[in-house]
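The values are calculated or read from the model by the stated rules, or taken from the named source; none is laboratory data. From a predicted model like this one, the values you see are computed outputs, not experimental measurements. Here the Cβ positions follow ideal geometry from the backbone for every residue, glycine too, while neighbour counts run over all protein chains shown. The area values use the complete protein model at the heavy-atom level, side chains included, leaving out ligands, DNA and RNA. Shrake-Rupley method; radii C 1.70, N 1.55, O 1.52, S 1.80 Å.
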Amino acid sequence: MSVPDQTPYDIYNANGLTTVFPFEFYIIAASDIQVSIDGEVVISGYSVSGTGNVGGGDITFLTAPAAGSVVMLERVVPTYRLTDYQDNGDLLADTVNKDFDRLWMAIQRSFLYLGLALRRPLFGGPFDADGYRIAGLANPVNQQDAATKNYVDNVSLVHALRVPESYIPVLPSADQRANKLLAFNSVGNPILVLPPSGSASDVLIELAKPTGVSLIGTPTGTVESFISVEDYQRYGDIRGYGATNVSVDTVNDAVSAGETAGLLKVPKGLWNGNFELGNKTSISGESLTSSVINVPVNTIGIKPEGDDVRGITISNLNLQVDGAVQGGPPVGSGVGVDMSFTSKAVNCEFSNLYLDFFDIGYNAGPADFSNVYNNMRCNNNRIGINLTSNGQIIQNVFNGCYVANWTAFGLKISGASNQIFNGLNMGHGGAAGAYFVQVDTNSRGIVFNQPNFEMDASGGVLSAGSQAIVIASDSEVTFNSPVFNKVHAAGPSTYLFRVRGTAVVRINDPEVYSDDGVIGHLIVSDTATVYLNDPKKVFSVITIQGSGRLIRVNEKISSAPNYINILTVKSGDVINFGFYAKYAMASPDFHTSTMPSPFKYAVSFDTYNSAGTAIARVYDTTTGNGVSAVNVTCLVQAWREDR
């Protein structure tokens, strides 16, 4: 049986009495018809007759649909094949016909719904809704998005001047409105009037004209004669060198050509591009929040260049990678401020800078020394601050700097000397395997005064087996009053400090807040030495490995010693106290002539253990180096630790 050209649905308005509703299209099985009342599909409470009839059949409800409801009968056939034909099996005409009938039924339904779709002509033009509403639209986001009634009523029109009447006359054209005031006539319609001559309105209109700058006087003439490209250049304003918010490339050309006066000023606003500062050029914005530089991905934001860069200033700027989202991951690579293209940078100042979403926030040059860094913030970078060289980064001071949400190192120091960090604030974002600080490669004289180390991310932890701070190689570092706040561990073997190699570290008056009981406080390994002044005794989880040494200093001892003796010792001698010693100290023997004046050698002890022994170490106080072949006679005292 063929499938005729039929409309595969019928719609009725129920009267509350009628129970039989005919359908006028061909169905093969009762399951091929879908019944709905007011748009809700019903699957029971009715019977189907007329299956197999080309002219259709009836739907008979057990209970008449409610008056006013809409009953829809629609042919809905499966969109998959029901019959699986077998090799050498029967190929019956009735079976094949029904399979083909269902194909044409599905095609008819598809064309039906295609005719209801929002369409446009093949030759182009707009989509045509044929007079129907389009419902369920989201509010517009991009420039060419359709506007919803909600957006127009509650977002767009609220910024317009509105009237309660349904109609108000259109204002005259621009040439008729020029230099006139808007007023309203006796019936409330808008009109244009000339301002009274000499009135405040008249003056403001005159000043607003293109010729208005010629009416404002200055000590040497008018504003018109004062403000020019040359004036912008005289004050270092980047607009004087052709900069626009879209591009600052012309500024770099002017710097390269030596046309700038040594200082560039970036006005408030968002500027796209980067700055290449040759010829010892400084750059400064109005403030670190108002002068924003949107740096292209994989680009250096500010790139000073030159053989001997001295006394430049980079300040009051907010640099961020193009496309970055606050609170999101780092975008692209590149560097915020990169000094590596200078052979030497001396007496430079870096103040009030935001360096966000770069691969490296601040990257030091090969020979930076005597520079000052004030209020520099490096957020959401792989490395916040990178001080890496072959030993020529010397005597720089960092004041009130902030580093947060790095993914590798907040602060990386390698081959640098005499770096002072005052009030450094670091907020770990919880990235796996990320370190607060790493110091290595013979970095000497590194001092941290009152640094703060904390976890910024809620629930953030250090990766199991990692460390917050790593001091390695032959480095010497001092931490004065370090604070650790909510620095927690994801698992065991995780420490606040790890000191290894031949490093020497001094930790004075540490503080730990919100200790999770899992994080270790200090691990000393290889032949490293830690001098720990811990008057509050907050460092309780300490591990000593290899020949690492922990020397406790300046802790008050109130009780009498449990061991006292005068001994002659040299480095490596084992002293048997007979108990586990909490403290051990050696004092010069004033009664022997073997002690050189003024007491050249000092003795300390380490590796206390349950067997009650300790190992003596002899140092030359004039060099700080250990000595192995010198015997020193001293008064040895030890205090038992209750265990």
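Checking the condition in contact with a helix residue (DSSP H, G or I) (Cβ under 9 Å, 6 or more places away or on another chain) and open to solvent by 20 Å² or more (accessible area, probe 1.4 Å), which residue from ASN274, ASN375, ASN352 passes? ASN274 is the lone residue from the list that is in contact with a helix residue (DSSP H, G or I) (Cβ under 9 Å, 6 or more places away or on another chain) and open to solvent by 20 Å² or more (accessible area, probe 1.4 Å). Residue pairs whose Cβ atoms lie under 6 Å apart, separated by 6 or more positions or on different chains, with the first residue in the range 372-398 and within 14 Å of PHE357 (Cα to Cα) and without any contact (Cβ under 8 Å) to a residue 40 or more places away in the chain and the second acidic (Asp, Glu) and buried (at least 21 other Cβ atoms within 10 Å of the Cβ), are ASN379/ASP356. Of the residues examined, SER214 is not one that is at pLDDT 80 or above and of a type in the set (S, T, N, Q). Scanning the range 5-22 turns up no residue that is more than 25 Å from ASP130 (Cα to Cα), among the acidic types (Asp, Glu) and open to solvent by 30 Å² or more (accessible area, probe 1.4 Å). Within the set LYS265, LYS280, the sole residue that is assigned to a strand (DSSP E or B), more than 23 Å from the chain's Cα centre (by Cα) and free of Cβ contacts under 8 Å to residues at least 60 places away in the same chain turns out to be LYS265.
Can you go through ARG102, ARG109 and tell me which one is in the same structural domain as GLU24 (by the TED database), open to solvent by 50 Å² or more (accessible area, probe 1.4 Å) and among the basic types (Lys, Arg)? Lay out the reasoning, then the answer.
Numbers: ARG102 fails: open to solvent by 50 Å² or more (accessible area, probe 1.4 Å).
Only one candidate passes the filter, namely ARG109.
When you look at ALA404, is it open to solvent by less than 10 Å² (accessible area, probe 1.4 Å) and more than 25 Å from the chain's Cα centre (by Cα), yes or no? Here the answer is no, as ALA404 does not meet what is asked. As for the range 60-75, it holds at least one residue that is outside any loop (DSSP other than H, G, I, E, B) and charged (D, E, K, R). Can you name the residue in the range 459-517 that is assigned to a strand (DSSP E or B) and acidic (Asp, Glu) and, of all such residues, is surrounded by the fewest Cβ atoms within 10 Å (Cβ to Cβ)? Of everything passing the filter in the range 459-517, GLU511 is surrounded by the fewest Cβ atoms within 10 Å (Cβ to Cβ). Scanning the range 117-125 finds one or more residues that are open to solvent by 40 Å² or more (accessible area, probe 1.4 Å) and over 27 Å from PRO8 (Cα atoms).
I need a count of the residues in the range 190-211 that are in a helix (DSSP H, G or I) and without any contact (Cβ under 8 Å) to a residue 12 or more places away in the chain.
Residues of the range 190-211 that are in a helix (DSSP H, G or I), as a first pass: 200-208.
Those left that are additionally without any contact (Cβ under 8 Å) to a residue 12 or more places away in the chain: 200, 202-204, 206-208.
Number satisfying all stated conditions: 7.
Residues in the range 67-99 that are open to solvent by less than 70 Å² (accessible area, probe 1.4 Å), touching a residue at least 40 places away in the same chain (Cβ under 8 Å) and more than 23 Å from VAL54 (Cα to Cα): GLY68, SER69, VAL70. All of LEU112, LEU137, LEU103, LEU161 fail the test of being assigned to a helix (DSSP H, G or I) and either in contact (Cβ under 8 Å) with a residue 12 or more places away in the chain or within 51 Å of the chain's Cα centre (by Cα) (or both), apart from LEU112.
When the range 528-540 is filtered for residues that are part of a loop (DSSP other than H, G, I, E, B) and either buried (at least 16 other Cβ atoms within 10 Å of the Cβ) or basic (Lys, Arg) (or both), the ones remaining, listed by number, are ALA528, ASP534, LYS536, LYS537, PHE539. The C-beta contact set for the range 616-638 (first residue of a type in the set (Lys, Arg), second residue outside any strand (DSSP E or B), distance under 6 angstrom, 6+ apart or interchain) comprises ARG617/SER571.
Which one of LYS582, LYS570, LYS556 is more than 30 Å from ASP509 (Cβ to Cβ), among the basic types (Lys, Arg) and either out of contact with any helix residue (DSSP H, G or I) (no Cβ under 9 Å at 6 or more places or on another chain) or modelled with pLDDT under 75 (or both)? The conditions single out LYS570.
Scanning the range 43-87 for residues that are of a type in the set (S, T, N, Q) and closer than 17 Å to ASN15 by Cβ yields THR60, THR63, SER69.
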